[in-house]
Amino acid sequence: TVPFRLEDYRPPAFTIDRVHLDFALSPSATRVVATLSLRPNTEEAQNGTLELVGDEIVLKGLMLNGIPLDAGRYEALPASLVIRDVPLAPFTLTIETEIDPAANTKLMGLYRSGSAYCTQCEAEGFRRITYFLDRPDVLAVYTTRIEARRSEAPVLLANGNPVESGDVAGTDRHYAIWHDPFPKPSYLFALVAGDLGLVSDSFTTMSGRRVDLRIYCEHGKEGRCRYAMEALKRSMRWDETAFGREYDLDIFVIVAVSDFNMGAMENKGLNIFNDKYVLADPDTATDVDYANVEGVIAHEYFHNWTGNRITCRDWFQLCLKEGLTVFRDQEFSSDMRSRPVKRIADVRTLQARQFPEDGGPLAHPVRPEIYHEISNFYTPTVYEKGAEVVRMLETILGADDFRKGMDLYFERHDGEAATVEDFLACFADATGRDLSQFALWYAQAGTPQIVARGHYDGDAKTFSLTLAQSTPPTPGQPTKQPMHIPVRFGLIGPNGEDLAFSSVEGAAVEGDVIHLTETAETIVFRGVASRPIPSLLRNFSAPVRLAIDMSADDLLFQVRADADPFNRWQAAQTLAMRALIAGTADVLTGRPVAAQPTLATGLAEVLDNEELEPAFRAQVLQIPSEADVAREIGQNVDPDAIALSRRQLRLALARALGPSLMRRYQALGVKAAYSPDAADAGRRALRNALLDLLVATGEDEAIAATTRQFHDADNMTDRLAALASVSSAALPQRRELLDAFHERYRNDPLVLDKWLTLEATVPAAETLDRVKALLSQPGFAHSNPNRVRALVGGFSAANPTQFNRADGAGFDFLADFVLDLDRRNPQTAARLLVAFRSWRALEPGRRTRAEHALRRIAAAERLSSDTLDIVTRTLA
Ligand code: HT7
Ligand code: ZN
């Protein structure tokens, strides 16, 4: 297929100012009448040919300016409608199409979720509803009329404000009309119809307007929407105070559906959510689920300004709305919860998801320049690295100038479809800064590496710091230019406080930020009283890898004393990573795994330090995952050796921490009724991290405590944590507990997803057979992306030893599953395949088997463009 290229962008020949949509809903034959007010937009329109796109569309009628068109004037195919000799002045086109929501298993366009109708139009789903100029730079004002049988769909929703509703005389049908006054691209269109439960509230905006707030869900689940509603109100207030952004319609609606390809969708005034990110109560949601609900509600709400009011000119600019909105939701959550702990969690996610992408065959720039299938570019690079780029901009400019740039962006581009250049120009214009080198962050793929070396001259009282940057080659980009990297730093002195310096030479240093812009720079700090320990990349000020030769003692000092909590955590991780890599080498060569007294000392001190918040201590106790170690090792990876080394290290740490683990676990016991707030969640996180280490010992007392917690817990966080510890340690007790959990929650699909994932991630040889058996159990549905991701995604992305089985059976299973799913839901199928992204880093035996599975997929007939795109790039 022919790829799309950024350099080929041309404005549309025609544009659409107004859209009137009329839906007559019926499960298998929905009629859509679209009346489009079109006009020529560029010179290209002069040739009089209008080309609209469709996808699996059946045309039923076509009129131009109200007059049916002769068959000779147009050609209608399922994927396009081409009309010749259209007027060179404004005209209307009325298109009648018929679609089959019940047969729509791709979950793009109009489809059924349970007994409801809903839509998903981003990125290219609107063309599955009607022929259209389905591109984000065509902004129109939409009016939507929906008609359905009242008994089937008492609730009729679309974007904007409600205008009118009533019965269709003489029938069992009713209708509703919605009008959205804000011009929007087609990807933000939405419709929902069905028999749904409702939770209502209201919000008064900063200018005193009252906004009707509604959350619709499955009947009976209204009580589980309360937290989401509170999170929505917090988000609305926060956007006013942090960014000066006020909501603009009379009503804001969220609908929770159970069949959804992604997390949620920011359709104007009518957000549609995967119910996993709306529903939460103590018995069914963990603390992490609550935090995710809050974060996703905020994210979609924040899109109202960064995405909807200002949208993207084309899909290459996806990071313009996604990276920026992730940054905004991260900031919101930091303000609602603990800022350092949120930063650590976000960086963990970045390193676990984006770093491997950036270091493998699927690497692409934050703003890609070429794509075959846009739905494959909703990636950690566009989202999470995109957010890091915005964060660096804030670090470079400072909070006040960053806000000035944002204000200018909102003022200058409101109502427009913008580009990354437009965005950066606002910051340059508002502050007078030159951001031309910084713009490379959007264009160059790959994770830069900084190699740092420090030297202290006690006589001259100078500290010289040399920083060298390089970015590895990535697909299509063999060589890289140096980037503008903000390195936040401190020089830690012997008493733990940051040392002062009298002057600095050799690079631009502003406050506590070094602006690294050259390939290599040496910075000389003068007047430094004693040998410092350099604390670099504080708060993870840039998405890079840092290599610095520091002794274990210096790292331990950093764990104890760094003024930057992020780097305290990072130093502990570095100590643990060194131990895990050395341990893996020991396992492979048959040597006994060495003890790690420095790491154990650091962890014990953090654990005992009551001045540190519990959630932070929990993060420090969580040593790098097997996948983190595999990424760090980078080549000839043997997942079994890593798993064994990690198990042994955890056992050694548990033994070194000794009886204090149990004592602390008991001291943190339940004090009051469950609350999902950050402080209580932090205490639970610490307690459960302790329990997980205790379970690693396999001692009877630890297992008894875990079983007790599983049965006695008054909340899902504690119950699931106990179960996960027993299950991930593959203890024999796991079967009884997993079965008990299943029995208790057998009728709750979202909770069963947790169980499916635990079943799929047991690190034991029988797991693959268990996963295969679960595929045909009643709780599993191939048509539901949440179930698929929980079971098959859990197995392939979160069970390193079993997915990467030496006999290749894990790879073969995923290949078979993807080939089957691809025929029904290509987006979800293609996403599962991403589990192969690091196949080249495996040891030769596994590498060969992974390649064989990938080649088998590539050779299959009738692959979707989604799956073909991923498999081709993975193998390239
Ligand atoms: N903007 C949303 C993207 C999205 C999506 C993309 C492709 C296929 C299905 C999808 N559902 C939602 C999500 C977001 O807010 O980032
Ligand atoms: Zn988004």
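Rule-based calculations on the coordinates, nothing more; no lab input. Predicted, not measured: the structure shown is a model, and the values here were computed from it. Please note: Cβ atoms are built from the backbone with ideal geometry, for glycine as well, and neighbour counts cover all protein chains shown.
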Quiz item: Expressed as a whole number of Å, what is the distance separating the alpha-carbon centroids of region 595-628 and region 59-113?
Solution: 61 Å
Self-check item: Ellipsoid semi-axes in whole angstrom, largest first, where each is sqrt(5λ) of the Cα gyration tensor of region 134-183
Solution: 26, 11, 8
Quiz prompt | Cross-link table LYS184/LYS385; LYS60/LYS106; LYS342/LYS385; LYS184/LYS268, entries beyond 19 Å C-alpha to C-alpha | solution = LYS184/LYS385; LYS60/LYS106
Self-check item: Sequence-distant residues sharing a close amide H with ILE492 (under 5 Å, placed H)
Solution: LEU499, ILE533, SER535
Quiz item: GluC sites (Glu not before Pro) within region 598-688: which are DSSP loop residues with at most 15 other Cβ atoms inside 10 Å?
Solution: GLU610, GLU611
Quiz prompt | DSSP loop trypsin sites (Lys or Arg not before Pro) with at most 10 other Cβ within 10 Å: longest gap in the chain | solution = 1-670
Quiz item: Is the shape of region 311-443 best called rounded, prolate or oblate, per the rule: a/c under 1.5 gives rounded, else a/b larger than b/c gives prolate, else oblate, with a ≥ b ≥ c the square roots of the Cα gyration tensor eigenvalues?
Solution: oblate
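Using Cα pairs under 8 angstrom and six or more residues apart, how large is the relative contact order of region 367-508, in percent?
Values: 110 pairs, mean separation 23.3, N = 142.
The value is 16 percent.
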Practice problem: Please report how far the C-alpha centroid of region 1-49 lies from that of region 423-474, rounded to the nearest whole angstrom. | Solution: 44 Å
Quiz prompt | Kirkwood Rh and Cα Rg combined as Rg over Rh, evaluated for the chain | solution = 0.97
Exercise. Among DSSP beta bridges whose residues both lie in the chain, state the antiparallel percentage, nearest 5.
Key: 80 percent
Quiz item: Along its principal axes, what span do the Cα atoms of region 432-493 show, with the longest given first and each in whole Å?
Solution: 49, 32, 17
Quiz item: Residue separation times 0.36 nm, minus the C-alpha to C-alpha distance between THR204 and VAL168: what's the value?
Solution: 9.5 nm
Quiz item: Measuring from centroid to centroid over Cα atoms, what is the spacing of region 317-338 and region 827-876 in Å?
Solution: 31 Å
Quiz item: So, how do all the Cα-to-Cα distances of region 745-876 break down into 10 Å bins, in percent, from 0 on up?
Solution: 13, 45, 33, 8, 0
Quiz prompt | Positive minus negative residues near ARG135 (Lys, Arg vs Asp, Glu; Cβ under 13 Å) | solution = -3
Practice problem: Could you pull out every one of the lysines with an alpha carbon less than 21 Å from that of LYS221, ignoring same-chain neighbours closer than 8 positions? | Solution: LYS233, LYS276, LYS754
Self-check item: Dimensions in Å of region 485-548 - Rg and Dmax from alpha carbons
Solution: 11.7, 33
